[in-house]
1. Give the distance, in whole Å, between the Cα centre of the range 87-166 and the Cα centre of the range 17-34.
2. Label points 7 Å out from Cα along the Cβ direction at D162 and I4: separation in nm?
3. Taking all pairs of different Cα atoms in the chain, averaging 1/r and flipping that mean, what Kirkwood radius in angstroms comes out?
4. Can you list the residues, at least 5 places off or on another chain, whose amide H is less than 5 Å from the amide H of E9, using H built in the peptide plane?
5. Could you pull the Cα extents of the range 7-88 along its three principal axes, largest to smallest, in whole Å?
6. Kirkwood hydrodynamic radius, computed over distinct alpha-carbon pairs, for the range 92-175: how many Å, to one decimal?
7. Starting from 0.36 nm per residue, how many nanometres of slack lie between L44 and N169 once their C-alpha separation is accounted for?
8. Run the reach check for K27 against lysines, Cα to Cα strictly under 24 Å, same-chain hits fewer than 8 apart removed. What comes back?
Amino acid sequence: MEEIVHIIEPAASGRAKCRGCGRTIAKDELRVGERIENPFADGLTTLWYHVQCAAYKRPEIFLAAAEAHDGTLPDSGRLVAEAKVGAEHRRLPRVNGVQRDPSGRATCRSCRERIGKDEWRIALDFYEEGRFNPAGYIHAGCAADYLGTASIVDRLKHFTPDLADSDVNEIRNALGD
Ligand SMILES: [Zn+2]
Ligand SMILES: [Zn+2]
């Protein structure tokens, strides 16, 4: 079988959605293409990501694509470092943002205790066969235990772009970072 090569290239149109965050990838913006076996037909299909989203949520794919890429990649040193941290902590790429618990009914995947209403919780999703599936929550304070690191504020801000500065301060405290 042919070796699968993941790619980085400018988006040909502004229509593709990023698998990592669900938002549109702007035309001409660099994007990462994860090449996978097409589940519905012979051959390969491509999952597209913003470069930052790939570094966070598909670190091994990002690193392979960056290695194979012979054009420029702005901020590549930082992105590669972030992807390496994600590759070393196998649960870290599951992080999909942060929110105040709306109901007090969710159970933390790490400590198995209830997450209190209005407490900050970290949303998780699991990558499986080309899709990200929602996979529950952890207390912000359980991040270090569950993820292996609590240095995740930049990642949380990336996947939850509408956080206020005061929210970020509260989250930082809750993480204990
Ligand atoms: Zn994205
Ligand atoms: Zn917990």
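1. After rounding, the separation between the Cα centres reads 22 Å.
2. 3.5 nm
3. Result for the chain stands at 17.1 Å.
4. The list, which skips near neighbours in sequence, is R31, G33.
5. Rounded to whole Å, the extents work out to 35, 26, 25 Å.
6. Answer for the range 92-175: a Kirkwood hydrodynamic radius of 12.8 Å.
7. Values: separation 125, 0.36 × 125 = 45.00 nm, distance 4.38 nm.
Full-extension gain reported as 40.6 nm.
8. Result set, ordered by chain and number: K17, K57, K157.
Values in this text are rule-based calculations from the coordinates and carry no lab data. Just so we're clear, the structure is a prediction, and the values are computed from it rather than from any experiment. Positions of Cβ are backbone-derived with ideal geometry, glycine not excepted, and every protein chain shown enters the neighbour counts.
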